[in-house]
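Here is the structure we will look at, set down as structure tokens.
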Amino acid sequence: MHIIHVQIHVKPEAVEGFKTATRANAQASLKESGVVRFDFVQQQDDPTRFVLIEVYRTVDDQAKHKQTAHYTTWSESVAPMMAEPRSSAKYIDLFPEEAGW
């Protein structure tokens, strides 16, 4: 599995619009064959901070995701909502055993 955690900080006035746009992107992303999981979480003590937890079958599936119309729409629509550039970290699955342990 190819796992991405995307850290996002949005402007306070953009929180609701960001949530709406990101929910639409997450719903469409889950329909992609290479997407195993797509979580969208909001920080409890700072509602302007979010994390996307994206799980793909392969690295190529993440690349395919970035070529979809829904990703392009999301990326372009949320860009002006950002308080700072988003950042990401990539992970590999270590557990359960099926992950290759």
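Results, tabulated for the structure shown:
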item: Angle in degrees between helix 69-78 and the longest Cα principal axis of the chain, rounded to the nearest 10; result: 40
item: Under-5 Å amide H pairs with Ala83, H placed in peptide plane, nonlocal only; result: His9, Val10, Lys11
item: 0 to 90° range, to nearest 10: angle between helix 15-29 axis and the chain longest Cα axis; result: 30
item: Residues of type lysines that Lys31 reaches as a straight line, Cα spacing below 22 Å, ignoring anything fewer than 8 places off in the same chain; result: Lys19, Lys64, Lys66, Lys90
item: For Val41, Val15, order by how many other beta-carbon atoms lie within 10 Å, fewest first; result: Val41, Val15
item: Ranked Leu30, Leu52, criterion: other C-beta atoms within 10 Å, fewest first; result: Leu30, Leu52
item: Which of Thr48, Thr73 has the fewest Cβ neighbours within 10 Å, and the rest in rising order; result: Thr73, Thr48
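Read the figures in this text as sums done on the coordinates, not as results from a lab. Computed from a prediction, not measured in an experiment: that's the story for all the values here. Heads up, the Cβs are rebuilt from the backbone with ideal geometry, glycines too, and the neighbour counts pull from every protein chain shown.
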